[in-house]
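Single-structure report; data block below.
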Amino acid sequence: MARVTLKTLTKAFGGAPLYAGLDLEVGNGEVVALMGRSGVGKSTLLRILAGIDRDYEGSATIEGVAAAQAPAPGFMFQDARLLPWLTVAQNLRLARPALSDEDLETRLAAVGLGGTSTRFPGQLSGGMQRRVALARAVLANPRLLLLDEPFASLDQALLEEMLALVGRTLAETHATAVIATHRSVEAASLAHRVLMLSGRPVAIAADIRLAGEPGARSRAEVDAITLSLSKDEGV
Ligand SMILES: Nc1ncnc2c1ncn2[C@@H]1O[C@H](COP(=O)(O)OP(=O)(O)O)[C@@H](O)[C@H]1O
Ligand SMILES: [Mg+2]
């Protein structure tokens with residue numbers, strides 16, 4: 001678990017600033033969904049938190065340490081981004097070189113991929129590659145996970161499987177997590193809190209604390225939250 005803070009974050013890519021004095025805090029063990037239309041600035045925010053984008057003013061800290069100096073979070077990109085010339089085991093060991101064979105197999109089994117360690121990404125389905133990417137993110141840093149549209153372009157069956165898997169992973173690790181998404185059902189299934197981003201510069205148009213623990217919500221509760229978030233998206 002790690003506390004995340006943005007203070008007076010200011011950034012422009014040339015032209016109108018993307019952020020102009022944005023403040024944000026994510027508590028220890030809190031799962032926050034960042035929602036907002038494509039281009040609003042979700043991915044850039046995650047890259048700043050990950051220390052990948054360092055070209056900004058203001059401060060981004062993780063446990064009080066500047067994001068660029070803090071231990072790298074576990075990052076899951078929209079596309080799995082596994083290295084195609086490395087096996088599943090080798091891809092995972094990029095995140096945790098000292099991982100024993102036994103632990104590696106346990107991690108793979110936890111994402112439903114037991115027995116695949118010697119396969120190459122090209123021998124896995126898209127859904128399986130995402131599972132490897134999730135396992136890799138957790139290995140990289142189980143305290144802080146940044147997930148950038150982790151469910152984009154999955155069909156309904158895979159979406160439900162991955163939602164359940166990510167939900168379980170978040171519950172088991174108690175990770176602090178920031179999940180960029182534009183689908184309400186993802187927020188309703190996984191998040192404690194939803195931030196609706198809009199405008200340029202970005203404003204937090206709504207900061208919504210969702211009822212209940214994500215893992216303990218019934219299907220009906222998830223559906224009700226999804227519906228109410230879809231209405232809020234108009235803000
Ligand atoms: N490297 C870049 N160079 C120039 N503009 C960028 C770059 N990265 C992002 N942008 C612009 O910043 C805005 C926010 O992008 P992004 O953070 O990717 O949004 P989102 O993830 O919400 O779709 C977009 O208008 C995008 O065009
Ligand atoms: Mg994005």
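Test each condition in (1) within 16 Å of ligand 2 (Cβ to nearest atom); (2) touching a residue at least 60 places away in the same chain (Cβ under 8 Å); (3) acidic (Asp, Glu) for Asp79 and report the one that comes out false.
Against the list (1) within 16 Å of ligand 2 (Cβ to nearest atom); (2) touching a residue at least 60 places away in the same chain (Cβ under 8 Å); (3) acidic (Asp, Glu), Asp79 comes up short only on (2).
Would segment 61-68 turn up any residue that is modelled with pLDDT of 95 or more and within 16 Å of ligand 2 (Cβ to nearest atom)?
No, segment 61-68 contains no residue that is modelled with pLDDT of 95 or more and within 16 Å of ligand 2 (Cβ to nearest atom).
Quick one: which residue in Leu6, Leu46 is buried (at least 18 other Cβ atoms within 10 Å of the Cβ), within 23 Å of Arg209 (Cβ to Cβ) and more than 16 Å from the chain's Cα centre (by Cα)?
Leu6
Which residue, of Gly39, Gly58, Gly51, Gly29, is within 27 Å of Leu229 (Cα to Cα), more than 16 Å from ligand 2 (Cβ to nearest atom) and either of a type outside the set (A, V, I, L, M) or assigned to a helix (DSSP H, G or I) (or both)?
Gly29
On the basis of being of a type in the set (Lys, Arg), within 16 Å of ligand 2 (Cβ to nearest atom) and either farther than 23 Å from Thr226 by Cβ or at pLDDT 95 or above (or both), does Arg96 make the cut?
In short, no.
The values are calculated or read from the model by the stated rules, or taken from the named source; none is laboratory data. This is a predicted model, so every value here is computed, not measured. Positions of Cβ are generated from backbone atoms using ideal geometry, with glycine treated the same way; all protein chains shown enter the neighbour counts.
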